[in-house]
Amino acid sequence: MAIKKLGVLGAGTMGAGIAQIGAEAGLQVVLVDIEQKFVDRGLKVITTNWDKAVAKGKITDKDVADYLGRLKTSTNNRDLQDCDLIIEAIIENIEIKKKVFKELGEMCSPATVLASNTSGFSITEIAVASGRPDKVVGMHFFNPVPVMKLVEVIPGAETTEETVAVAMETCRVIGKTAIRAKEAPGFIVNRLLVPYLNDAAHAYQEGVASVEDIDQAMKLGANMPIGPLALCDLVGIDVLLMVAEYFYQEFGDPKFRPALALKQKVRAGHLGIKTGKGFYDYTKK
Ligand code: 3HC
């Protein structure tokens, strides 16, 4: 099935990025969030990216007008009901995701494929909640979505090959490389990346080196494009902590124990770039 209309639920960092590349790829996009202020914030991120691309001469004002013509926003989930594919990118909380998938399953056309951008929760568990588990698949994007080329595609226990094919084809249309992963906590990338980021937070906590030196060490010593603590700030420390806690609980292995430094940042409301402070202070830049 060729996707024409893409629904994106959640206008945060990931949802806005997905909506942006969908509109750029020629899809009709409906971006929905629970409050207008969240929709407005997501739209602002998207239009700022387009303004920068115009300034760099990569796209024209006419392109932006075309993209905007294809991008609708709403605060009502009902505006998603006739989409061919809906990608959920809401808060990383399994109970809230299940509630939302139940609602989408009841409300949407039977043909609609429902995808979750979960960072690592069980697709099967989310799919069962929808009442149409054959039509649910994981589509895991990476931050910043417009730049990162990968999407992990994860079938749940009852996902059909037809549903997987819709996810794979959509990745092709929006210019991403899809890799199929089995359902397991964190899939491929986060299974490897989150323990690394968590370990960097442990190292900082133990006083091994400063935030700056830990990051510099991994950039210069391991050729990482960005240091691990700066990456925590980019991903969102709250997201990272939720994933780390989920791994700890699912694997039951002490190596996944979330670093206190992550917990303290979250308790302080210092979630990274999105709140202006994390391991670094972005309010001073
Ligand atoms: N949105 C859109 N475009 C962005 C962007 C953003 N937030 N940040 C950077 N870009 C674009 C820039 O506009 C620039 O585009 P251009 O080449 O067309 O001019 C290009 O990316 C390079 O940007 P910069 O020169 O400003 O900076 P860098 O060279 O440092 O690159 C980076 C920025 C691509 C973010 C790089 O630092 C990087 O690769 N970081 C690692 C990112 C990463 O690992 N992401 C995965 C996180 S894990 C995840 O998301 C999963 C989740 O479940 C937790």
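Things worth noting here:
- Filter result for residue 45 (away from the ligand (no atom under 16 Å from the Cβ), within 19 Å of residue 143 (Cα to Cα) and β-branched (Val, Ile, Thr)): no
- Exclusive hit being out of contact with any Lys or Arg (no Cβ under 7 Å at 6 or more places or on another chain), within 16 Å of the ligand (Cβ to nearest atom) and under 24 Å from residue 171 (Cα atoms), set 58, 72: 58
- Residue within the range 172-192 that is among the hydroxyl-bearing types (Ser, Thr, Tyr), modelled with pLDDT of 95 or more and either more than 16 Å from the chain's Cα centre (by Cα) or surrounded by 20 or more Cβ atoms within 10 Å (Cβ to Cβ) (or both) present: no
- Hey, residue 198 in a helix (DSSP H, G or I), farther than 21 Å from residue 123 by Cβ and in contact with a helix residue (DSSP H, G or I) (Cβ under 9 Å, 6 or more places away or on another chain) or not: yes
- Scanning the range 219-237 for residues that are surrounded by fewer than 23 Cβ atoms within 10 Å (Cβ to Cβ) and either more than 11 Å from the ligand (Cβ to nearest atom) or of a type in the set (Val, Ile, Thr) (or both) returns 220, 221, 222, 223, 226.
- Filtering the range 19-38 for residues that are among the charged types (D, E, K, R), surrounded by fewer than 24 Cβ atoms within 10 Å (Cβ to Cβ), in contact (Cβ under 8 Å) with a residue 24 or more places away in the chain and within 16 Å of the ligand (Cβ to nearest atom) leaves a non-empty set.
- Pairs where the first residue, in the range 273-285, is touching a residue at least 40 places away in the same chain (Cβ under 8 Å) and of a type outside the set (A, V, I, L, M, F, W, C) and the second is surrounded by 17 or more Cβ atoms within 10 Å (Cβ to Cβ) and part of a strand (DSSP E or B), C-beta under 8 Å, 6+ apart: 278/272
- Boolean, residue 185 is under 25 Å from residue 233 (Cα atoms), within 13 Å of the ligand (Cβ to nearest atom), not aliphatic (A, V, I, L, M) and not in a helix (DSSP H, G or I): yes
- Total residues in the range 130-177, condition touching a Pro at 6+ places or on another chain (Cβ under 7 Å), closer than 25 Å to residue 194 by Cβ and charged (D, E, K, R): 0
The values are calculated or read from the model by the stated rules, or taken from the named source; none is laboratory data. Owing to the predicted nature of the structure, the values given are computational and were not obtained by experimental measurement. Cβ: placed from backbone, ideal geometry, glycine included. Neighbour counts: every protein chain shown.
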